[in-house]
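Novice: Please see the structure below; I have some questions.
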Amino acid sequence: MRYNSLGVTGLRVSELGFGAAPLGDEYGAADPQEMKRALHFAIENGINFIDVAPYYGRTLAEARLGEMLQGRRQEVILATKCARYDTDGFDFSPAGIRRSVDQSLQRLKTDYVDIMHVHDVEFGCKRQIVEETIPQLRRIQEQGKARFIGITGLSLKMLRQIADAAPVDCILSYCRYTLLNRDLDSKLTPFARSRQVGLLNASPLHMRLLAETGPPEWHPAPAEVKAAAKDVVELCRRYGANASRIALQFALQHSYVSSTFVGISTVDEARNNLEAISDRPDPKLLLEIEKLAAPVQGMTWVTGYAENH
């Protein structure tokens, strides 16, 4: 396992991060005991970075994670989020942020988190986030409840504009550096590097479009992206390769991203992901994948307010 500096925070995070959305049954019901075994297996094998949110399972993921981390909190770097609580439930106000942070700490059974992110900023008003939300999080940071603060979202434009107006410690982006879409590097990476802002990548499987089992029914990607993903999975099979493994290996090669989060719910998933770290994808296969994905590169979907994209 390699460990990378997260911007100038001083945190050293594992290149592979534990995405805790499955703990909230976001991808179907999972066995809590198996998830606990998977989490402990991951920690024991070098994964020290965990990402969760009150939105995942509508507080279920945080509550489960809090129980699972009893006695092991000091072994991990823990990140959670605020401002998003349901499909249409958002609150970027200072009062809402204060309440959210305290409730998350209670569920997680800790008195601080290492990173508190503003969740899915494209669902908010940029001016409010810059003038109210982030200043409130800085006050919470001063209180010792969060060591560092960041922002997350799908809209690279929104992420960059907010970070430019109200400096943050790190930025988490998802589905923007995968086998299907690499526009993270054209729209956000140069900015983050120049400002020494930590950069995190989530959903290297493009929210399971590149998983062998296929995506969940609710996946919001355009039909063309789903079709391209299916073609990539089939191509990998013809090569005798696993698309999920190739997708993760590709994402892990990024030159500036400090950690790549992947959802883990079983010991086998944790083991397979850890084993993937030591390999590099076949260059010939990557070229073939690039050809298949070329027509959909940069193609995404709109979430939140359209003007934020």
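The values are calculated or read from the model by the stated rules, or taken from the named source; none is laboratory data. Bear in mind the structure is a predicted one, so any value in this text is a computation, not a measurement. Methodologically, a virtual Cβ is constructed for each residue, glycine included, from the backbone with ideal geometry; neighbour enumeration extends over all protein chains shown. Keep in mind that these areas ignore ligands, DNA and RNA; they rest on the heavy atoms of the full protein, side chains included. Shrake-Rupley method; radii C 1.70, N 1.55, O 1.52, S 1.80 Å.
Novice: Checking the condition open to solvent by less than 10 Å² (accessible area, probe 1.4 Å), within 20 Å of the chain's Cα centre (by Cα) and farther than 30 Å from G7 by Cβ, which residue from A247, A229 passes?
Specialist: From the options A247, A229, the qualifying one is A229.
Novice: In the stretch 131-152, what residues are free of Cβ contacts under 8 Å to residues at least 60 places away in the same chain and under 17 Å from H309 (Cα atoms)? Outline the logic, then answer.
Specialist: If we filter the stretch 131-152 for residues that are free of Cβ contacts under 8 Å to residues at least 60 places away in the same chain, which is where we start, we get 131-146, 149, 151.
Result: I151, single match.
Novice: In the stretch 268-285, which residue that is in contact with a Phe, Trp or Tyr (Cβ under 8 Å, 6 or more places away or on another chain) and either closer than 25 Å to E44 by Cβ or in contact (Cβ under 8 Å) with a residue 60 or more places away in the chain (or both) is surrounded by the most Cβ atoms within 10 Å (Cβ to Cβ)?
Specialist: Just the residues of the stretch 268-285 that are in contact with a Phe, Trp or Tyr (Cβ under 8 Å, 6 or more places away or on another chain), to begin with: 270-271, 281-282, 285.
Those still in the list that are either closer than 25 Å to E44 by Cβ or in contact (Cβ under 8 Å) with a residue 60 or more places away in the chain (or both) too: 270-271.
Working: A270: 25, R271: 15.
My answer is A270.
Novice: Return the total of residues in the stretch 189-227 being of a type in the set (S, T, N, Q) and in a loop (DSSP other than H, G, I, E, B). Spell out how you get there, then give the answer.
Specialist: The initial filter retains those residues of the stretch 189-227 that are of a type in the set (S, T, N, Q), namely 189, 194, 196, 201, 203, 213.
Applying the additional criterion that residues be in a loop (DSSP other than H, G, I, E, B) yields 196, 203, 213.
Going through the stretch 189-227 one residue at a time, the tally reaches 3.
Novice: Select, from G10, G96, G66, the only residue that is part of a helix (DSSP H, G or I) and out of contact with any helix residue (DSSP H, G or I) (no Cβ under 7 Å at 6 or more places or on another chain).
Specialist: Details: G10 fails: part of a helix (DSSP H, G or I); G66 fails: out of contact with any helix residue (DSSP H, G or I) (no Cβ under 7 Å at 6 or more places or on another chain).
It is G96.
Novice: Still on this structure, I have one more. Evaluate the following for S265: is it open to solvent by less than 40 Å² (accessible area, probe 1.4 Å) and under 22 Å from G28 (Cα atoms)?
Specialist: In short, yes.
Novice: Also: Is the stretch 243-266 home to any residue that is part of a helix (DSSP H, G or I), closer than 16 Å to P204 by Cβ, touching a residue at least 24 places away in the same chain (Cβ under 8 Å) and of a type in the set (F, W, Y)? Spell out the reasoning first.
Specialist: Quick first cut of the stretch 243-266, residues part of a helix (DSSP H, G or I) only: 243-252.
Adding the requirement that they be closer than 16 Å to P204 by Cβ leaves 243-252.
With the extra rule that they be touching a residue at least 24 places away in the same chain (Cβ under 8 Å), the set shrinks to 243-252.
When the remaining residues are screened for being of a type in the set (F, W, Y), the result is 250.
So far as the stretch 243-266 goes, yes, one or more of its residues are part of a helix (DSSP H, G or I), closer than 16 Å to P204 by Cβ, touching a residue at least 24 places away in the same chain (Cβ under 8 Å) and of a type in the set (F, W, Y).
Novice: Okay, next question. Scan the stretch 14-32 and tell me whether some residue there is open to solvent by less than 40 Å² (accessible area, probe 1.4 Å), in a helix (DSSP H, G or I), more than 28 Å from D102 (Cβ to Cβ) and of a type in the set (G, A, S).
Specialist: no
Novice: Go over the candidates G304, G298 one by one and state the one that is closer than 19 Å to R182 by Cβ and either open to solvent by less than 40 Å² (accessible area, probe 1.4 Å) or not in a helix (DSSP H, G or I) (or both).
Specialist: Values: G304 fails: closer than 19 Å to R182 by Cβ.
Being closer than 19 Å to R182 by Cβ and either open to solvent by less than 40 Å² (accessible area, probe 1.4 Å) or not in a helix (DSSP H, G or I) (or both) holds for just one of G304, G298, which is G298.
Novice: Surrounded by 24 or more Cβ atoms within 10 Å (Cβ to Cβ), in a helix (DSSP H, G or I), at negative phi and in contact with an Asp or Glu (Cβ under 8 Å, 6 or more places away or on another chain), is that true of A79? Walk me through how you get there before you give the answer.
Specialist: On the way: surrounded by 24 or more Cβ atoms within 10 Å (Cβ to Cβ): yes; in a helix (DSSP H, G or I): no; at negative phi: yes; in contact with an Asp or Glu (Cβ under 8 Å, 6 or more places away or on another chain): yes.
So A79 does not fit the description; no.
Novice: Now a separate question. Please name all residue pairs, on different chains or six or more residues apart, with Cβ atoms under 6 Å, provided the first residue is in the stretch 3-14 and is closer than 15 Å to F261 by Cα and of a type in the set (S, T, Y) and the second residue is open to solvent by 30 Å² or more (accessible area, probe 1.4 Å) and not in a loop (DSSP other than H, G, I, E, B).
Specialist: So the pair list comes out as Y3/R12; S14/Y3.
Novice: In addition: Are any residues in the stretch 228-242 without any contact (Cβ under 8 Å) to a residue 40 or more places away in the chain and either assigned to a helix (DSSP H, G or I) or under 30 Å from A166 (Cα atoms) (or both), and if so, which ones? Can you show your working first?
Specialist: Restricting attention to the stretch 228-242, the residues satisfying the condition of being without any contact (Cβ under 8 Å) to a residue 40 or more places away in the chain are 230, 233-234, 237-238, 240, 242.
Listed by number, the residues that qualify are K230, V233, E234, R237, R238.
Novice: Which residues, counting only those in the stretch 168-195, are open to solvent by less than 10 Å² (accessible area, probe 1.4 Å) and either at pLDDT below 95 or among the polar types (S, T, N, Q) (or both)?
Specialist: If the condition is that a residue be open to solvent by less than 10 Å² (accessible area, probe 1.4 Å) and either at pLDDT below 95 or among the polar types (S, T, N, Q) (or both), then S173, T178, N181, T189 are the ones that fit.
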